[in-house]
1. Going by the structure shown, is Ala112 more than 21 Å from Leu227 (Cα to Cα) and in contact with a strand residue (DSSP E or B) (Cβ under 7 Å, 6 or more places away or on another chain)?
2. Please pick out the residue among Leu19, Leu12 that is over 30 Å from Glu134 (Cβ atoms) and in a loop (DSSP other than H, G, I, E, B).
3. Out of Met250, Met229, report the one residue that is hydrophobic (A, V, I, L, M, F, W, C) and over 18 Å from Ile185 (Cα atoms).
4. Which condition number does Asn88 fail, the rest of (1) touching a residue at least 24 places away in the same chain (Cβ under 8 Å); (2) over 16 Å from Ile185 (Cβ atoms) being met?
5. Conditions first: (1) over 15 Å from the mean Cα position of the chain (by Cα); (2) touching a residue at least 12 places away in the same chain (Cβ under 8 Å); (3) not in a loop (DSSP other than H, G, I, E, B). Val77 passes all but one, so which condition is the exception?
6. Just checking: which of the strands (runs of 3 or more DSSP E) contained wholly in region 182-271 hold 2 or more residues that are touching a residue at least 40 places away in the same chain (Cβ under 8 Å), out of contact with any His (no Cβ under 9 Å at 6 or more places or on another chain) and not acidic (Asp, Glu)?
7. Mind checking which residues of region 135-156 are touching a strand residue (DSSP E or B) at 6+ places or on another chain (Cβ under 8 Å) and surrounded by fewer than 16 Cβ atoms within 10 Å (Cβ to Cβ)?
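Only the coordinates and a few stated rules stand behind these numbers; no lab work does. These numbers come from a predicted model, not from an experiment. Positions of Cβ are backbone-derived with ideal geometry, glycine not excepted, and every protein chain shown enters the neighbour counts.
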Amino acid sequence: MWYHKPVINEELLQSLPNLKIVASSGVGIDHLDLNLLSRYGVKVSNTPFIVSTDTADLGMALMLASSRRLVEGYQMVVSPDTEYFPANWLGAEVSGATLGIIGMGTIGYKVAERAKAFEMKILYHNRKQRNKEEENAVGAIYCKKIDDLLQQSDFVMLAVNLTPQTHKLIGKRELQLMKPTATLINISRGLVVDQDDLVEALQNKVIKAAALDVTYPEPLPRDHPLLKMENVLITPHIGSATKKTRLLMMENMTESIQAALTNRPIPYEVL
């Protein structure tokens with residue numbers, strides 16, 4: 001299953017009585033009805049650890065591109081109307097800034113490893129606190145309350161799975177807690193953020209900017225307000241989009257399918 005296609009619904013399952021497994025690419029399985037699949041006795045697998053490195057890399061790329069206004073800079077350089085480069089055209093520092101990571105799983109931790117090289121102060125919020133050895137290795141400080149992280153961070157990066165608990169985790173209240181100079185970065189799922197509240201926060205300068213690899217829907221309608229804002233950077237859900245990682249994902253999915261068809265243990269079985 002790639003890019004959430006086809007839609008797995010009851011009609012499809014009824015037409016495939018011999019279906020044994022749905023091998024889904026990536027980490028998130030929020031696009032699958034696990035209860036429905038379970039009723040039909042269909043196994044589910046994903047490719048969780050394969051995508052972590054590239055997704056963390058993209059998170060850093062979004063943070064750097066947004067803070068230093070790279071897209072705006074490129075547009076200025078190629079514009080036929082540009083006669084000079086303004087001296088007061090400024091971005092924000094990443095090195096030494098405070099990064100708040102919401103979701104300190106494999107991806108979030110790899111983001112922290114990279115942020116450490118930028119001498120960033122790293123805060124994180126997670127369901128479960130990492131052990132001291134892991135925290136010390138990246139210099140991360142645990143925030144039991146998400147509010148504490150939001151109030152202190154220059155950059156807030158979302159790296160959580162989409163669950164009922166994280167659905168629209170970031171809304172109006174959370175955005176108002178952030179610094180007016182802060183940037184929100186989302187490398188998880190679009191529905192972790194209330195997009196209407198995000199649009200309002202950006203329009204009213206509640207926060208400075210947003211950098212998003214994920215939205216809802218994908219792609220956004222061509223007239224969506226987020227597509228018209230200079231302080232918003234959006235990429236087309238490409239966290240895992242490198243040749244090496246996509247090849248590994250396909251190999252892992254194939255291995256899971258072969259295992260299911262031969263009644264062997266399934267790698268990274270979800271259901």
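1. On the way: more than 21 Å from Leu227 (Cα to Cα): yes; in contact with a strand residue (DSSP E or B) (Cβ under 7 Å, 6 or more places away or on another chain): yes.
Yes, satisfied.
2. Working: Leu12 fails: in a loop (DSSP other than H, G, I, E, B).
None of the other options fit; the residue is Leu19.
3. Working: Met229 fails: over 18 Å from Ile185 (Cα atoms).
Only one candidate qualifies: Met250.
4. Failing condition for Asn88: (1).
5. Here Val77 meets the rest and fails (2).
6. Filter on region 182-271 gives 183-186, 209-212.
7. Passing the criteria: Gly139, Ile141, Lys144, Lys145.
Yes/no matrix, rows are residues, columns are (1) in contact with a helix residue (DSSP H, G or I) (Cβ under 7 Å, 6 or more places away or on another chain); (2) hydrophobic (A, V, I, L, M, F, W, C); (3) farther than 20 Å from Phe49 by Cα:
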{"position": "Lys208", "(1), (2), (3)": "no, no, yes"}
{"position": "Ala211", "(1), (2), (3)": "yes, yes, yes"}
{"position": "Lys243", "(1), (2), (3)": "no, no, no"}
{"position": "Met253", "(1), (2), (3)": "no, yes, no"}
